[in-house]
Amino acid sequence: MKIHIRFFSVFALVFLSMSELVPGQEKKVNYGNIPDELVAYDRYQKAYIYHFLEPIQFYGAGREKLPPADLKEVRIGFLGPLEGSVILPLGMQMLQGTMLAIEEANKKGGYKGIPYKLMIHNDVGLWGAAANEVVKMDDEKVWAFIGTIDDNNSHVALRATLKLEILNINTGDPDPTYTETNIPWGIRNIPDDRQSGYVLVDRIFRQDKHSRIAVMRANSRYGRVGILHFNRSATRVGYPIIIEERFSDGETDFKAQLERIKKTSPDAIVLWGNAKESALILKQIRELGMNQPVYGSDRMVSPEFLSIAGNSAEGIVTTCQYNPDANDPKLKAFKTNYLKRFGQEPDVFAAHAYDGTNMLIEAIQKVGLNRVRIRDILTDMKTFQGYQGVTGKVIFDATWNNIRPIFMAEVKNGKFNFSPSPSLEKSDMIYKKPKSGYSY
Amino acid sequence: MLAVVLAGAVLAGLIFLGKPLHSEKVSKNESKSFSGNYQNSSDIDLRNSSGVIKEAKAIPVYGNWHNFTMKDGLPSDKAYTVRIDGDRVLVGTHDGLAVYENEKWHTYTTKDGLAHNGVVSIDVNELTGDVWIGTLGGLTRWSSGKFTTFNQFNSGLPNDLVYCVFCDGKDVWTATGGGAGHYDTQTGLWEIFTEQNAPMHEPWTYGVSAGGGKVYIAAWGGGMIEYDNTTKRFRDYVDPDGFMEIDLQPDDGIVHDITTATSYSDSIIWISTYFGMSRYDGKNWKGYFKTDSGLASNFINFLRAEGRVVFVCCDNGLSSTDGTTWVTYKKDDNSENGKAIITNGNEKKEIPLSPSISHNFIIGVDAKDDVIWVATSKGVSRGEMIR
């Protein structure tokens with residue numbers, strides 16, 4: 001009897017292991033889309049515990065709560081850099097993307113005839129002010145909120161969401177650690193900097209065959225955490241960064257850092273910072289007679305960058321979380337409507353905010369006005385897994401981080417041209433390892 | 001899809017055959033629950049139980065649970081924190097401070113002078129009897145019937161969302177999203193500790209406790225920060241592998257850098273995370289996960305140590321342990337009943353409880369003498385030691 005039971009158990013487990021443990025993903029991948037070769041420590045030993053293999057559940061109460069009977073408006077929160085921030089233009093784009101989705105929903109009748117109302121909060125301020133803004137949103141009885149971009153503020157807000165139980169749909173912060181906190185009240189529809197780091201490693205070392213790389217990054221959390229996985233991955237594939245220099249937001253003269261980089265004779269340079277500083281750095285790189293190829297982070301994909309960098313931008317390669325030029329009717333309609341409403345082209349933050357807000361509205365339409373139920377449906381790995389927005393598909397990993405394939409952007413003739421990023425599953429020298437502790 | 005259906009059918013067949021799905025090692029030592037005759041766990045005669053229960057005598061087991069919700073006078077069912085203060089019990093809820101005294105609840109709100117109705121942390125200064133209340137909108141001192149508010153604008157409080165407040169003699173420590181705050185009640189001076197002047201990665205702090213001449217700060221993403229009251233120096237303890245997605249080796253240090261609370265007792269510091277729990281005796285680290293201990297879940301909201309036992313507020317049950325034996329309390333999904341699960345190594349025993357704790361999402365706990373109070377996502381529970 002025991003033998004039969006063991007046989008059937010093994011049989012059952014084999015079948016179960018063949019199934020996809022994270023529903024909706026098209027193929028089995030490591031957590032965070034980590035290429036097999038880049039899984040931490042995997043060449044030497046298996047880890048004692050692998051986190052993020054399955055979505056965490058929220059076991060708290062609240063699903064039975066009914067909404068107020070005399071509701072006059074359905075409040076949606078917004079948290080973003082709208083005053084006193086170096087990334088204010090990004091925040092305005094995010095706000096406008098959110099507004100457009102709200103306005104379109106209200107034209108269709110809102111929620112059962114009740115209009116949606118955006119409760120707008122500025123996230124910039126000293127000493128964790130984003131947490132105070134989330135408390136205000138709780139006092140305002142918002143059902144969920146969109147935001148934000150700066151990772152300091154995202155983290156502070158996220159921790160408050162657990163206490164207050166308000167879902168945060170993050171549409172602008174690519175900090176990988178945002179979804180690595182295990183808090184079941186935050187999801188993200190914009191692909192993270194892990195994705196950017198991995199495809200840049202592939203492009204720079206495998207495709208373009210560079211080996212001596214210099215990094216110039218913002219001296220902020222965005223620069224530090226954003227470049228982290230690129231740096232670690234470069235080391236892991238055998239090409240440690242030869243020099244890393246830093247700059248502050250608002251800085252305009254970068255010659256001291258660039259002179260030091262020049263002395264190391266790098267094959268190529270990677271920039272990780274906001275559009276304005278990246279453009280100025282690029283110009284000064286060329287002014288110093290440095291003709292190395294330059295790669296960069298997604299924040300360089302902006303009209304501001306092209307305007308400041310001018311001809312120096314030619315040939316620059318960056319990542320981009322979506323393809324703004326995709327031949328997609330939904331995207332085209334969004335761009336047309338956005339331009340008509342706000343008089344400017346939408347950027348990556350506007351597009352993802354538009355998608356994130358539409359996901360939230362659809363969730364509310366499906367489950368009604370209950371914070372926990374809204375959270376449940378957006379995190380169930382079924383209803384919104386594969387959601388097709390104007391930015392593309394949502395493919396959540398087990399932390400509700402969108403790991404859909406991102407795009408490469410290359411400046412040609414003064415314009416960004418977009419192409420799919422290379423697949424990270426290779427059989428050549430970099431991605432040769434077939435199996436790791438994270439394979440599932 | 002077909003594979004899943006087939007596998008499910010096979011597993012169903014195994015269940016039909018009446019065979020437990022967990023390992024033989026566990027089932028071999030697993031005794032059945034006490035018979036259904038027990039309506040109250042205090043009826044259980046532990047002297048007649050198996051070895052695992054005798055082991056459990058080393059740590060308290062609570063029963064006779066009594067649950068309180070809004071129907072009983074709480075201002076909100078969502079309770080964040082609980083503190084026993086002599087003959088009364090202070091409960092922080094989403095909608096005010098509830099005080100249980102002489103078997104009655106009384107609520108205090110902003111109308112009475114609270115900084116905010118969302119009360120997330122409470123501590124009592126043993127020297128003065130003052131009650132310090134951490135809220136979603138500032139820190140409140142309740143002294144001689146008077147409420148005084150400290151916030152970012154009128155004091156050195158780092159941030160108005162006070163996740164944790166802890167009294168250590170004359171000192172009051174706060175953990176906020178904008179840094180850790182230290183208030184000297186004798187001099188009236190504040191100090192703020194952030195990544196600028198302490199070894200934190202960021203200024204985000206979520207828990208604080210003290211003991212043995214040191215202060216222990218749970219720093220979000222920065223592990224545990226230890227502050228020596230004598231030398232005024234800091235030391236940080238972080239996950240040695242440095243990766244968010246793994247714990248490379250067991251017992252090599254703190255289990256994860258996303259820490260949520262600390263508690264010091266009996267020369268041991270306990271640290272909770274959303275990824276498991278750590279114990280540090282000043283020399284050796286020990287990590288605990290759901291998969292290798294009796295921990296209800298790896299997601300831990302808070303913990304508090306009393307003597308050599310730590311009470312662990314998980315998102316799916318309340319656990320307590322001395323590091324070896326575990327007692328975990330869980331409520332059944334569809335009734336007010338539940339069980340206490342006693343675990344020691346591979347041995348396991350369940351004691352039915354009727355009623356059980358109010359809810360499995362545990363946010364706060366306090367235990368004194370023979371009584372335990374638990375703050376949950378849906379109500380507050382009071383238990384009595386049953387041995």
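Just want to confirm a number: the relative contact order over chain A, from Cα pairs under 8 angstrom separated by 6+ residues, in percent.
22
Rounded, prolate or oblate for chain A? Axes are the square roots of the Cα gyration tensor eigenvalues, ordered a ≥ b ≥ c, and the cut-off for rounded is a/c under 1.5.
Here chain A falls in the oblate category.
Give me A:Tyr44, A:Tyr354, A:Tyr239 ranked fewest to most by other Cβ atoms within 10 Å of their Cβ, as a rough exposure proxy.
Fewest-to-most Cβ neighbours within 10 Å comes out as A:Tyr44, A:Tyr239, A:Tyr354.
Could you line up B:Thr69, B:Thr321 from fewest to most neighbouring Cβ atoms inside 10 Å?
B:Thr69, B:Thr321
Anyone know which of B:Lys348, B:Lys368, B:Lys214 comes out most mobile in the 10 Å Cα GNM of chain B?
Residue with maximal mean-square fluctuation among B:Lys348, B:Lys368, B:Lys214: B:Lys368.
Tell me which trypsin sites (Lys or Arg not before Pro) from the stretch A:165-224 have a DSSP coil assignment and no more than 16 other beta carbons within 10 Å of their own.
Numbers: sites: A:Arg188, A:Arg194, A:Arg203, A:Arg206, A:Lys209, A:Arg212, A:Arg217, A:Arg221, A:Arg224; in loops: A:Lys209, A:Arg212.
Of the trypsin sites (Lys or Arg not before Pro), the ones in loops of the stretch A:165-224 whose Cβ has at most 16 other Cβ atoms within 10 Å are A:Lys209, A:Arg212.
If you filter the stretch A:58-133 for trypsin sites (Lys or Arg not before Pro), then keep DSSP loop positions with at most 10 other Cβ within 10 Å, what is left? Walk me through the numbers on the way to the answer.
On the way: sites: A:Arg63, A:Lys65, A:Lys72, A:Arg75, A:Lys107, A:Lys108, A:Lys112, A:Lys117; in loops: A:Arg63, A:Lys65, A:Lys72, A:Lys108, A:Lys112.
Within the stretch A:58-133, the qualifying trypsin sites (Lys or Arg not before Pro) (loop, at most 10 other Cβ atoms within 10 Å) are A:Lys72, A:Lys108.
Give the aspartates and glutamates reachable from B:Lys368 as a straight Cα distance under 17 Å; neighbours fewer than 8 places away on the same chain don't count.
Within the straight-line limit of under 17 Å, B:Lys368 reaches these aspartates and glutamates: B:Asp85, B:Asp87, B:Glu101, B:Asp123, B:Glu126, B:Asp266, B:Glu306, B:Asp322, B:Glu384.
With the cut-off at 24 Å, tell me which of the pairs A:Lys332/A:Lys393; A:Lys107/A:Lys366; A:Lys108/A:Lys332; A:Lys136/B:Lys170; A:Lys209/A:Lys412; A:Lys28/B:Lys330 have Cα atoms farther apart than that.
A:Lys136/B:Lys170; A:Lys28/B:Lys330
Taking neighbour Cβ counts within 10 Å as the exposure measure, how do B:Met385, B:Met244, B:Met277, A:Met99 sort from fewest upward? Don't skip to the answer; put the middle values down first.
Details: B:Met385 15, B:Met244 23, B:Met277 29, A:Met99 20.
Listing B:Met385, B:Met244, B:Met277, A:Met99 from fewest to most nearby Cβ atoms yields B:Met385, A:Met99, B:Met244, B:Met277.
Please return the longest range in chain B lying between exposed loop sites, taking GluC sites (Glu not before Pro), DSSP loop only, at most 10 other beta-carbon atoms within 10 Å, and leaving the sites out.
Free of exposed loop sites, the longest segment is B:127-387.
Any idea what the dipole of the stretch B:37-385 comes to, in debye rounded to 20, about its Cα centre with Lys/Arg Cβ at +1 and Asp/Glu Cβ at -1?
The dipole of the stretch B:37-385 has a size of about 460 debye.
In sequence order, what are the phi-derived ³J(HN,Hα) couplings for the stretch A:71-85 according to the Karplus relation 6.51 cos²θ - 1.76 cosθ + 1.60 with θ = phi - 60°, rounded to whole Hz, with x for glycine and proline?
5, 9, 8, 9, 8, 10, x, 9, 10, x, x, 10, 8, x, 10
What percent of all Cα-Cα pairs in the stretch B:177-239 falls in each 5 Å bin, counting up from 0?
All Cα pairs considered, the percentages come to 4, 19, 30, 27, 14, 4, 1, 0.
Separation of the stretch B:163-202 and the stretch B:343-387 by C-alpha centroid, Å?
31
Starting from the Cα gyration tensor of the stretch B:310-367, take the square roots of the eigenvalues, sort them a ≥ b ≥ c, and report rounded, prolate or oblate (rounded when a/c is under 1.5, otherwise prolate if a/b is larger than b/c, else oblate).
Oblate is the answer for the stretch B:310-367, as a/c is 1.5 or above yet b/c matches or exceeds a/b.
Return the Cα extents of the protein assembly as shown along principal axes one, two and three, sorted largest first, each rounded to a whole Å.
83, 73, 62
What shape does the stretch B:37-385 take by its C-alpha gyration tensor, where a ≥ b ≥ c are the square roots of the eigenvalues and a/c under 1.5 counts as rounded, a/b above b/c as prolate, and the rest as oblate?
Details: a/c = 1.95, a/b = 1.19, b/c = 1.64.
Oblate, because a/c is 1.5 or more while a/b does not exceed b/c.
Taking loop as defined by DSSP and a crowding limit of 12 other beta carbons within 10 Å, which GluC sites (Glu not before Pro) in the stretch A:27-131 fit?
Values: sites: A:Glu37, A:Glu64, A:Glu73, A:Glu83, A:Glu103, A:Glu104; in loops: A:Glu64, A:Glu73, A:Glu83.
Taking the stretch A:27-131 and a limit of 12 other Cβ atoms within 10 Å, the loop GluC sites (Glu not before Pro) found are A:Glu64, A:Glu83.
What are the residues whose amide H is under 5 Å from the amide H of A:Asp249, where those residues sit 5 or more places off or on another chain and H is modelled from the backbone?
It is A:Asn219, by chain and number.
I'd like the Karplus ³J(HN,Hα) series for the stretch B:294-308: coefficients 6.51, -1.76, 1.60, θ = phi - 60°, whole numbers in Hz, and an x wherever there's a Gly or Pro.
x, 4, 5, 6, 6, 8, 10, 6, 6, 8, 9, 9, 10, x, 9
Divide by every residue of chain A the summed helix terms, -39500 (n - 2.57) for each DSSP H run of at least 4, and state the resulting mean residue ellipticity at 222 nm, rounded to the nearest 500 deg cm²/dmol.
Calculated mean residue ellipticity at 222 nm is -11500 deg cm²/dmol.
Just so you know, all these numbers are worked out from the coordinates, no wet-lab data involved. For clarity, every value in this text was computed on a predicted model and none was experimentally measured. Quick reminder, even Gly has a Cβ in these numbers, built from the backbone with ideal geometry, and neighbours come from all protein chains shown.
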